[in-house]
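Asks: Handing you a structure now.
The values are calculated or read from the model by the stated rules, or taken from the named source; none is laboratory data. Treat the numbers as computed from the prediction; the structure is a model and nothing was measured. In this analysis, Cβ positions are derived from the backbone assuming ideal geometry, glycine residues included, and neighbour counts consider all displayed protein chains. Remember, those area values only see protein heavy atoms, side chains included, never the ligands or the DNA or RNA. Shrake-Rupley method; radii C 1.70, N 1.55, O 1.52, S 1.80 Å.
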Amino acid sequence: MEYFVVGILICYVVYLHYQLNKKNSLIELMVGKLTKLEKEWDTQHVLNLLEKLRLLSNENIVKRDRLFDEQVQKFLFANEDDSKIFAHYTKDEKVARNIFDEGFMFVDSFEKTVEQIINDSVDLTYKHNVRKYYGKYIIVICISNDIYNHYDSELKRLEKHNVQVEQILTEYPSCFNDNQDEVFTLSKHFVKGFVNYETGEVEFNPKFKPYFNSPAFTDNMNKEKTD
């Protein structure tokens, strides 16, 4: 049992070295001791050292990630009962603020750079760890279920399976970029704001209206009916 625990501890130490990339004196001391496999260590001694390493790792994580702060969680999921919630990560605060005024631009498929999120810590942690390296600013997008489901039903009725609801919820015509990819701009009214997950800063978009329904959306649907 002791050797099994020691083996796990050695792997954990190596992982911390790789992830944190710093030579912590405590870790170096433990590595030195572990490589000698000191026979006088009992199971409790090993488990105590493992707990110290866990606390050291958690302290480092907390310093750079405030996603689960209460005010951040309230901001993310205040609309969970009546809206679909999405998150997009970006590195530039200026880009995040521009989205407030211009809307959210996406190429071809909305899901390429956006994750739908729900108020579940396991689901959110997984999706956050996948996306967080794209930037510390999380653009929060909320679309009311009533609006989303209405246009989703219309598209299904027309059997437009290759058209996404988000492509309908645009106030400006799509365009093509230099790579000839079609670019859509989701209405700015569905952009709730952004979160800086490193500092816990929350910025609300004053133009946010999750129930916004523009005549342009109806025009977009009518075009689909004639295509």
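Asks: Give Asn196, Asn220 a once-over and let me know the one that is of a type outside the set (Val, Ile, Thr), over 13 Å from Gly103 (Cβ atoms) and more than 22 Å from the chain's Cα centre (by Cα). Explain how you work it out, then say what you get.
Replies: Details: Asn196 fails: more than 22 Å from the chain's Cα centre (by Cα).
None of the others qualify; the one that does is Asn220.
Asks: Moving on. Kindly evaluate Asp181 against the criterion of being over 21 Å from the mean Cα position of the chain (by Cα), within 20 Å of Thr113 (Cβ to Cβ) and touching a residue at least 12 places away in the same chain (Cβ under 8 Å).
Replies: Details: over 21 Å from the mean Cα position of the chain (by Cα): yes; within 20 Å of Thr113 (Cβ to Cβ): yes; touching a residue at least 12 places away in the same chain (Cβ under 8 Å): yes.
Answer is yes for this residue.
Here is a yes/no grid of residues against (1) part of a helix (DSSP H, G or I); (2) open to solvent by 40 Å² or more (accessible area, probe 1.4 Å); (3) closer than 16 Å to Thr170 by Cβ:
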site	(1), (2), (3)
Ala96	yes, no, no
Ile99	yes, no, yes
Phe106	no, no, yes
Asn119	no, yes, no
Val122	yes, yes, no
Tyr126	yes, yes, no
Val130	yes, yes, no
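Asks: Then there's this: Do you know which of the residues in region 170-201 that are in contact with a helix residue (DSSP H, G or I) (Cβ under 6 Å, 6 or more places away or on another chain) and either open to solvent by less than 40 Å² (accessible area, probe 1.4 Å) or of a type in the set (A, V, I, L, M) (or both) is farthest from His128 (Cα to Cα)? Before the answer, list the steps.
Replies: Initial filter on region 170-201 (in contact with a helix residue (DSSP H, G or I) (Cβ under 6 Å, 6 or more places away or on another chain)): 171, 184, 186, 191, 194-195, 198, 200.
Applying the additional criterion that residues be either open to solvent by less than 40 Å² (accessible area, probe 1.4 Å) or of a type in the set (A, V, I, L, M) (or both) yields 184, 186, 191, 194-195, 200.
Working: Phe184: 24, Leu186: 22, Val191: 19, Phe194: 14, Val195: 12, Gly200: 14 Å.
Checking each candidate, the answer is Phe184.
Asks: Going through region 139-176 one residue at a time, which ones are in a loop (DSSP other than H, G, I, E, B) and either over 23 Å from Asn79 (Cα atoms) or in contact with a Gly (Cβ under 9 Å, 6 or more places away or on another chain) (or both)?
Replies: Keep residues of region 139-176 that are in a loop (DSSP other than H, G, I, E, B), which gives 158-164, 169, 171-174.
Matches in region 139-176: Leu158, Glu159, Lys160, His161, Asn162, Val163, Glu171, Tyr172, Pro173, Ser174.
Asks: Based on what the data block shows, is Ile139 modelled with pLDDT of 95 or more, out of contact with any His (no Cβ under 7 Å at 6 or more places or on another chain) and surrounded by 14 or more Cβ atoms within 10 Å (Cβ to Cβ)?
Replies: Numbers: modelled with pLDDT of 95 or more: yes; out of contact with any His (no Cβ under 7 Å at 6 or more places or on another chain): no; surrounded by 14 or more Cβ atoms within 10 Å (Cβ to Cβ): yes.
When the stated conditions are applied, Ile139 does not pass them.
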